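None of the figures in this text is laboratory data; all of them are computed from the coordinates on show. None of these values were measured; they are calculated from a predicted model. As a convention, Cβ positions derive from the backbone with ideal geometry for all residues, glycine included, and neighbour counts pool all protein chains shown.
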Amino acid sequence: MNEKEKDFKKNPRKEEITRRGFIGAGAAGALGLATIAQSASAASGKKLRFDAEYDVVVCGSGAGGLGTALFSRWQGNSVVVLEKSGSIGGTTAKSGFWYWIPNNEPMKKAGIQDPKPDFMKLVARLSAPHSYSPSAPKLGLTDWQYDMCEAYYDTASTAAELLNARGALPYQHPADVVDYWADLPENKAPKGRALLPAGASLHNGGKFGIMSLSNAARRDGISIKTSHRVQSIIRNGRGEVVGVEVTSPEGETLRFRAKKAVVFATGGFTHDPQLRRDFLCGNIVGGCAANSNEGDFIRISSPLGVQLANMNYAWNCPVVFEKAVANDGSLWGAFMPSGDSMVFVNKYGNRVVNEKLQYNEVTRAFWAWDGPRQEYPNEVLIAIWDQQAQDNCAEEHYGSYIVPPGSDDRHVIKGATREELAKNIAARMAVYRDRFNISLAPEFVATLNDTIRRFNEFAKTGKDLDFHRGERPVELMFNGNNKATGKANPTMYPISDTGPFYATLLGPGNLDTKGGPRTDTHGRILDVKGQPIPGLYGVGNCVASASGQAYWSGGATLGPIVTFAYRAANALQKERTKEVTA
């Protein structure tokens, strides 16, 4: 505990803003007890008491939190970062830490053009396919979406360059990394937007990025406190945000004052089953966000009458079903669909998707609805592969489900024949029958044999006539560790007629959610009237993303996070010091 914390040792208080508020925007009930308690305090005119004070209080220690803290500190502010879990980094630490920076400096030096009008058309087409119009003034986007996307393009490179110049996030430029939608005519820069922390490989950037950002934060005098869970927001008699109430590692209630602003960068609601059920447009069995991502900011901010937006979408990816339902903290999404002699089939044994399609899009296949049968036939998909794929495609990167010998393979189901494999798949599904309505259809083996026969014909010719596997640049980039030679299509190889065979259950998951309170282009949290709530900011997956349903490209989560951390820090610098009279 520092000197300020000792000087302001906790006293009992009357005013309290409840953390467990109504989940919604604008209802009078959203204020509840918080309003009554705050009004009573305001009438008293008493000075609020705090255990410590800083210019800026940042909640969350991923790229959004550490980035905002650094940008704020470099402008002369005292900053504390409060992290709920026992270690720093959040979901960022688990990520590959690609960050998608349009019109970045290495692109310019390499002569790669990234015109703003075309970039805006690209993100508009992906984010709002129902309303996209290239001739419309705002391309079919809402005013808010357009403004947020424009701010991203205008500021992203500036933010990345400042982090690089200050030694907080030196980067490398993997120039050959292709955009996920490199083949669309609107994309005039199909390569070049991705940046990666210096020294990292394409699959371990999170470790390097968080280490770099946190070292810079400590170097520059930012206080970082782990195991400090923010429980509520504190406002003064004017309704301005002046601090947060926190539970310490010892279970004490501490109150941190923010003279200028409180910034939330606490991640989404991946690990809150109730919020997932209430808001996401498809069933999600789990996700690879940090286990601390439980939607805290939605509940904390709801009593303030915030706008909620984009709550029905997430950054989606298939996940190994058994790891997801076990809430395995090591879970990665199956970003790189392992295997060439491999197919995904549903409960009937039918192949239903291009297995190498970008992961956000593959996830949509799980939610196909069969009206006549009144069921989701793809609720769980089964990845099936042979010994050739096991020998030549196994790896442990990007959530691969085909893993090398000696690795944790409890999710792998085996069978000497396809009949035995099906029997063992059915037995594994039965383990989860009390929680999930999953089973194999009686015709599974017969249909699977037909499916594999047809797939093998495609593999021999190199043309997938059903789903066009391997025809897009991103599918080749994410093809994985496929060593077999002489293939007509790098992503396909005939599946053997003889065993052994292998399988795993895959379910719909996410990296994290992307909905929450709406912000303006400066990261200020907006109320239901569209006005900024004084002193309250949000960055990252805890607030609404303008990307809508889209996953723009690799790094399209962290690119905007870095950008809006910079914009939020610049905006809060203009905040005046707020009074702490109740």
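Between GLU471 and GLN113, the simple spin-label model (points 7 angstrom out along Cα→Cβ) gives 2.9 nm.
If you take the charge dipole of the range 343-453 about its Cα centre, with +1 on Lys and Arg Cβ and -1 on Asp and Glu Cβ, which of SER439, VAL362, ILE402 is farthest toward its positive end? The one lying farthest along the dipole's positive direction is SER439.
Where in the range 325-349 is the amide nitrogen less than 14 Å from a point lying 7 Å along the Cα-to-Cβ axis of SER407? Flagged as within label range: 331-340.
Please give the length that would be gained between ALA368 and LEU184 if that part of the chain were fully extended, namely 0.36 nm times their separation in residues minus their C-alpha to C-alpha distance (nm, one decimal).
Separation in residues times 0.36 nm, less the Cα-Cα distance, equals 63.7 nm.
What the Cβ-Cβ distance of ASN164 and HIS130 gives, at R0 = 51 Å and to the nearest 0.05, is a FRET efficiency of 0.85. With the simple spin-label model, which puts each label point 7 Å out from Cα in the Cβ direction, the GLU361 to ALA484 separation comes to 2.4 nm.
Rounded to the nearest 20, the size of the Cβ-charge dipole of the chain about its Cα centre is 1700 debye, with Lys and Arg at +1 and Asp and Glu at -1.
The order of the peptides 359-368, 274-283, 179-188 by mean Cβ neighbours within 10 Å, most packed first, is 359-368, 179-188, 274-283. Once the chain from THR226 to SER201 is taken as fully extended at 0.36 nm per residue, the excess over their C-alpha distance is 6.2 nm. Protection proxy ranking, highest mean first, for peptides 441-449, 143-151, 245-253: 143-151, 441-449, 245-253, where packing is the per-residue count of other beta-carbon atoms within 10 Å, averaged. With N counted as the residues of the range 99-196, its alpha-carbon radius of gyration over 2.2 N^0.38 Å works out to 1.11. The per residue volume of the convex hull around the alpha-carbon atoms of the chain is 161 Å³. Can you compute the label reach from ALA446? Point 7 Å from Cα along the Cβ direction, backbone N cut-off under 11 Å, restricted to the range 336-360. Once the point is set 7 Å along Cα→Cβ of ALA446, nothing inside the range 336-360 turns out to lie under 11 Å by backbone N.
Rounded is the label for the range 316-510. Its Cα gyration tensor axes, ordered a ≥ b ≥ c, give a/c under 1.5. Each stretch of four or more DSSP H residues adds -39500 (n - 2.57); spread over every residue of the chain, this sum gives -8500 deg cm²/dmol at 222 nm. Taking 0.36 nm per residue of sequence separation and removing the Cα-Cα distance, the LYS463/GLU395 pair yields an extension gain of 21.9 nm. Between ASP434 and ASP176, take the C-beta separation as r, use R0 = 41 Å, and let me know the FRET efficiency to the nearest 0.05. Using R0 = 41 Å, I get an efficiency of 0.30. Can you list which of the DSSP-assigned H helices in the chain have a Cα extent of 20 Å or more along the long axis and an average Kyte-Doolittle score of at least -0.5? Membrane-span-like by this rule: 143-165, 205-219, 444-461, 558-572. Highest-first packing order for the peptide set 411-420, 514-523 is 514-523, 411-420, based on the mean count of other beta carbon atoms within 10 Å.
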